[in-house]
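Written out below as structure tokens is the structure these notes cover.
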Amino acid sequence: MAVENVCKLDEEGFMQKFFSTEGRLNRFRFFIRGFGFGLVSEGLMFLAMDYLWLVVLLGIIGMVPQFTLGIRRVHDLGKSGWWYLLILVPFVNFFFALYILFKKGTEGENEYGPDPLAEQ
């Protein structure tokens, strides 16, 4: 895969990137988007730490994009989005998180959409 393909901006809008469960998400984009959104979310929560209700609200709102990114990542592995609920199971969640972070997605098109790494 060429470096240009990894670094190019895709045509997805903000809502499609963070709030849609449709399609697939490769490892690199999953990590970058999750890490970036996590930094922004934690930064906002730090700024609001004097107001507990606001921190709780931001935490709940911040979980939605993390879940949708995870569901799209699980789709890339060829599994149903319901598998992402394993992230809520203590002890299992650690190994499941490693699995979805490092396991290469299915090559070619699967039932959830085209391969995100396919050259277009």
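The values are calculated or read from the model by the stated rules, or taken from the named source; none is laboratory data. From a predicted model like this one, the values you see are computed outputs, not experimental measurements. Quick reminder, even Gly has a Cβ in these numbers, built from the backbone with ideal geometry, and neighbours come from all protein chains shown. The area values use the complete protein model at the heavy-atom level, side chains included, leaving out ligands, DNA and RNA. Shrake-Rupley method; radii C 1.70, N 1.55, O 1.52, S 1.80 Å.
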Among the listed residues Gly23, Gly78, Gly113, which satisfies the condition of being open to solvent by less than 30 Å² (accessible area, probe 1.4 Å), in contact with an Asp or Glu (Cβ under 8 Å, 6 or more places away or on another chain) and at positive phi? Gly113
Inside the stretch 81-91, can you point out the residues that are assigned to a helix (DSSP H, G or I) and either surrounded by fewer than 16 Cβ atoms within 10 Å (Cβ to Cβ) or among the hydroxyl-bearing types (Ser, Thr, Tyr) (or both)? Trp82, Tyr84, Leu85, Leu88
Checking Phe94 against (1) under 20 Å from Thr21 (Cα atoms); (2) open to solvent by 40 Å² or more (accessible area, probe 1.4 Å); (3) under 16 Å from the mean Cα position of the chain (by Cα): exactly one of these is not met. Which one? (1)
Considering only the stretch 97-110, state which residues are open to solvent by 20 Å² or more (accessible area, probe 1.4 Å) and either touching a Gly at 6+ places or on another chain (Cβ under 7 Å) or assigned to a helix (DSSP H, G or I) (or both). Ala97, Leu98, Tyr99, Leu101, Phe102, Thr106, Asn110
Looking at the stretch 32-51 only, could you name the residues that are among the aromatic types (Phe, Trp, Tyr), open to solvent by less than 100 Å² (accessible area, probe 1.4 Å) and not in a helix (DSSP H, G or I)? none
